[in-house]
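First the structure, in the form of structure tokens, and then the observations on it.
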Amino acid sequence: MKRTAWIALGLIVLAAGAIAVRHFMPREVRIDASDTRAVARGGPLYAAHCASCHGRNLEGQPDWQSRNAQGRLPAPPHDEHGHTWHHDDLVLFEVTKYGLTKHAPAGYQSDMPAFEGVLSDEDIVAVLAFIKSRWPALIHDKRREAGMN
């Protein structure tokens, strides 16, 4: 193989590696509940894509901690009564974008869809900013104390 062909192959491998690292490596995600533009954008997106399961007021489905007839847990609340606020911003983002697979035990089944290809990353951040904006100050204080963003 000629030297130029090896160089070209090397550049292709480097580019593929860079794309793979960018795609698969976690990145920092900051979801700012005080960003009024993101919150305003996220409200209608939440209403359109999330409220049918998680409730218009983030209240979740009834009896959300008990498995249903299919053996799945109903949609949890996203308000202070659920567990959403226990997760850092990256986990919230990844669960919304990719579904629960990465963060749930092996074989866990859920009705939670992945929104990759449905919502942009900016839309997902806006929805999560809206959700976080509805949490009381005490929840934000607990998250800060735990070192969460």
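Cβ contacts < 9 Å: first residue of a type in the set (F, W, Y), restricted to segment 65-85; second residue modelled with pLDDT under 95 and in a loop (DSSP other than H, G, I, E, B), any location; separation 6+ or different chain. Result?
Going by the 9 Å Cβ cut-off, the qualifying pairs are W85/M148.
Report, by residue number, each residue of segment 95-110 that is surrounded by 18 or more Cβ atoms within 10 Å (Cβ to Cβ) and free of Cβ contacts under 8 Å to residues at least 24 places away in the same chain.
Scanning segment 95-110 gives a single hit, V95.
Taking segment 50-64 on its own, how many of its residues are touching a residue at least 24 places away in the same chain (Cβ under 8 Å) and in contact with a helix residue (DSSP H, G or I) (Cβ under 7 Å, 6 or more places away or on another chain)?
Residues that pass the stated criteria total 2.
Output the residues belonging to segment 111-136 that are assigned to a loop (DSSP other than H, G, I, E, B) and crowded, with 16+ Cβ neighbours inside 10 Å.
M112, F115, R134, W135 - these are the residues of segment 111-136 that are assigned to a loop (DSSP other than H, G, I, E, B) and crowded, with 16+ Cβ neighbours inside 10 Å.
If T101 passes every condition in (1) under 14 Å from the mean Cα position of the chain (by Cα); (2) closer than 22 Å to G43 by Cα; (3) polar (S, T, N, Q) but one, which one does it miss?
The single condition T101 does not satisfy is (2).
Looking only at helices (runs of 4 or more DSSP H) that fall completely inside segment 1-110, which ones have 2 or more residues that are modelled with pLDDT of 95 or more and acidic (D, E)?
Filter on segment 1-110 gives 89-98.
The values are calculated or read from the model by the stated rules, or taken from the named source; none is laboratory data. Predicted model, so just to flag it, every value in this text is computed and none were measured. With ideal geometry, Cβ positions are generated from the backbone for all residues, glycine too; neighbour counts draw on all protein chains shown.
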